[in-house]
Structures are given as structure tokens and as C-alpha cells.
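Below is one structure, written out as C-alpha cells; comments come after it.
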Amino acid sequence: MSWADRNLGELCSLITDGKHGDCKNEEGSGFFFISCKDVKDGRLNYDNARQIVRTDFAETHRRTDLKPGDVLLTNSGTIGRLAIAPDDDKTERTTFQKSVAVLKPIRELITPHFLYYKLAAENTRLINSAGGAAQKNLLLGELRRFSIRIPPIAMQCSITSTLSAYDDLIENNRRRIQLLEQGARLLYKEWFVHLRFPGHEHTQIIDGVPEGWEAGTIGDLGEVITGKTPSKKKPENFGSDLPFIKTPDMHGNAIVVHTEESLSEEGTKTQANKTLPPRSILVSCIGTVGAVAFNASPAQTNQQINSIVPASDLVTFWTYFMAKELKPLLEGMGGGATMANVNKSKFAGIKVVIPSKQLLNLFSDFAKPVFDQIENLTISNARLGKARDLLLPKLMNGEIRIQDDEKLVEGLR
């Protein structure tokens, strides 16, 4: 069956972008204002998405009118991140900033999933099509003229079915990760927020603090390390020797396994004192504050992240969930001229009440195997994603016949 060259403008009923301006925030409104940072790993991440007032949403939604199956593409700053709008209730309450474009496929010509995978395969071409000196920008006109080769609909469905098998496995693992973390967080809240911990009936509470617990600061929990970016003027600082974690790497991840950038051995040596051991607690403290994650392996971070290297394994998992409760506090104390900024001394000085060693030990015994499972599932997803990405260009240009690849997918089930 023949493939044909078609422009995106011919294949989509509408290609537009989000609002060229700002909206008024309203936490808890349920109306989401998605930006480039919220589009990652093929999906919309709502964990740190802005929520805005209904009137601003309604105005912008008239322009974007997001529907299930629409393809989202980041077209400013970081070019080429993709997602498909899911068929759930959040979609109809989601609009976006100008850094995100929406493509509405004409489904008689191209399926949403084929368009998504095709653009993923053409990511380098998309990036090269963007202009701008200070910040890359893929103009809508250029996007409409962007040409891709497509097969007939029946072949599109067969190809995307093969690739979707990988993504389905990834999504199943992601849901398992979410449930595992949610279970551990519920126990954390039960014991350390609501104070219904084992033996609470026989524990005296003095001024709201259980007997045996101690007042302290984050600095008492371990060493606080603020990251730093090596000189970008020296490309030799960057390579593949050590993960270099930035806030977007943390979004949607309990444990960071994959990073967009890595440091070379030379880059690592320039700031060796900032290398973090595995399972340090990473907390974003500039810009989008309050994102929390572990690192799976030794790593360094940029200057937007303060990390806690736990003084003992005993406090590791309690500190992780405690840090997740800090987001409102960090937002309130992160005064900056243009963005929230909680520096190292402010962060280390945050007051906390540290539970008894006995209780920390009980929680650690529960949480450690949970996070071991989360790490294994996260690593599995990284491998599945790599395997899919190796097949993607070959399937998208017809180099691999679909039946040849089905055996590979079946082996992953």
C-alpha cells in the first residue's frame, strides 16, 4: 500500500496555540492552564499544573476547544514534546498557554495516534523547523506547512497498534506506581498528620506534639545540597556519565531514572561536592516549587533544586513524604522578583517535628519495599520506552513490516 506526502494543514481541521497572555490563578478551581512543562512522556501531567478562574478559562477555551484525541505539541522553548488529550473529564476543563499547540486530526485521513507517533518520529525535523535566537519558536504557519508521509488508514491502525502495546505496558506500570505511592502516602498521613500511629492511644500529647517526638529543622535530617549548572560555554561538561536532574525530570516521577541531560566525567569533577548518593530527597525550590522525588542513582541537580542527603536510612521515607507536604509553605516563603525562590538557608531552616526513632523505623520497614517496587517499575518503563523509540522511526517509514515486530511486543507481555 502506498504512502503519500501531506501537509499537517491538510490533515488537521485546526492547528492553533494557547493564550498569548496570562490568566488569573485560582487554586482548586478545576480549570487547568497547561504549559510546556506539563507535557511530558506522551501525556499531560496535572501534578503542578496551574488552575485558573472560570472566566479566563472560558475565554481561552473558545480558541483551543480541547477534545479527546487532539494532539498537543510544545512549540516554544522546548520544542517537540507531545501528548494526546485523554478521554476523561479533565480534558474539557483544560486549556493551555501559547507554548503549546493543538492539532485536531481529520480522522478520515489520519488517526490521532498515528499523528502523535509520526510527529514523535519527526522530532528532529520539528526542532530544526523552529526559528528564534533567544528562544526557539515553531510558528503555526510553519507547522501547517510541515510535510509528513502517511499510509492508508488501515495500515496506520496496524502500526499504532504495535506501538501502543509498549505504551499500554508503560501506562499499566505507571498506574501501579501511582497506587503504591498513594498507599504509602495515606499511611504517612494517618500516622504523622492525623497522629493515629501505632500506640497513639497510650502516648501523651503535649502542645500538639506526641511524647518522644522532637522539634528540629530540615537541616537536622541530613546535609542540604543546592545544585548548580556547569558552564554551558564548555560543551565538554556534558556527556553521559552522570544524570543531571532538573525540575521537569521530577514531574510525575517518584524516583528519577531518566534525565534529559547528563554530565561528563569532566563536568562532574567541576562540582564533585554536589554529587548526590541514591535516594537523596530532591525538592524544587525555584520557579515551580514543591516537586519532590528520589534519585535512583548518583546524580547532580541544577540550582533550582535543594536536596536532602539523609543522615540515616531511618528518616529517608518519612522525609520524602514530609517534603511533599511543604508545597504551600514553600510557595508562601519563596518571595522573588519574578519567581518563587527558597534558598538553601531558608530551606534548611524550615521547622519540623521529627517522630520517635521507633516510629520512623516502623514506617521505613513499610515504605522501603514499596519504593523498591516503584524503582523497579520505573526502570522497566524506561526500558520499554527505549525499545519503542528504537522501533518508532523504522515503523514510521515502512522499513519494518508490522508482523515482524509483533513477536517483539509479545515477548514484553
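The values are calculated or read from the model by the stated rules, or taken from the named source; none is laboratory data. Because the structure is predicted, anything quoted here is derived from the model rather than measured. Counting neighbours? That spans all protein chains shown, and the Cβs are built from the backbone with ideal geometry, glycine included.
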(request) Kindly indicate whether any position in segment 56-70 is farther than 19 Å from G18 by Cβ, free of Cβ contacts under 8 Å to residues at least 24 places away in the same chain, in a helix (DSSP H, G or I) and assigned by TED's automatic domain parsing to the domain that holds E10. (result) no
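Restrict the check to segment 130-142 and report whether at least one residue is closer than 21 Å to E260 by Cα and buried (at least 21 other Cβ atoms within 10 Å of the Cβ). Break it down into steps so the answer makes sense when it comes.
Let us first name the residues in segment 130-142 that are closer than 21 Å to E260 by Cα, namely 130, 134-138.
Filter again for buried (at least 21 other Cβ atoms within 10 Å of the Cβ), leaving 138.
Scanning segment 130-142 turns up at least one residue that is closer than 21 Å to E260 by Cα and buried (at least 21 other Cβ atoms within 10 Å of the Cβ).
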(message) Quick check on my filter: what residues within segment 232-244 are surrounded by fewer than 12 Cβ atoms within 10 Å (Cβ to Cβ) and part of a strand (DSSP E or B)?
(response) S240
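Filter segment 347-388 down to the residues that are more than 19 Å from I281 (Cβ to Cβ), in a helix (DSSP H, G or I) and touching a residue at least 12 places away in the same chain (Cβ under 8 Å) and list them by number. If you could, list the steps in order and put the result at the bottom.
Start the filter on segment 347-388 by keeping residues that are more than 19 Å from I281 (Cβ to Cβ), which leaves 356, 358, 362, 376-377, 379-388.
Applying the additional criterion that residues be in a helix (DSSP H, G or I) yields 358, 362, 376-377, 379-388.
Result: Q358, L362, L377, I379, S380, N381, A382, L384, G385, A387, R388.
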(message) With the condition being under 16 Å from the mean Cα position of the chain (by Cα), farther than 21 Å from N237 by Cβ and of a type in the set (G, A, S), I'd like the strands (runs of 3 or more DSSP E) fully within segment 274-325 carrying at least 1 qualifying residues.
(response) 281-284, 292-295
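From K104, K37, grab the single residue that is in a strand (DSSP E or B), surrounded by 14 or more Cβ atoms within 10 Å (Cβ to Cβ) and not β-branched (V, I, T). So that I can check it myself, show each step before the final result.
Working: K37 fails: in a strand (DSSP E or B).
The unique qualifying residue is K104.
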(request) With the condition kept exactly as written, say whether any residue in segment 209-231 is of a type outside the set (K, R), in a helix (DSSP H, G or I) and more than 26 Å from A348 (Cβ to Cβ). (result) no
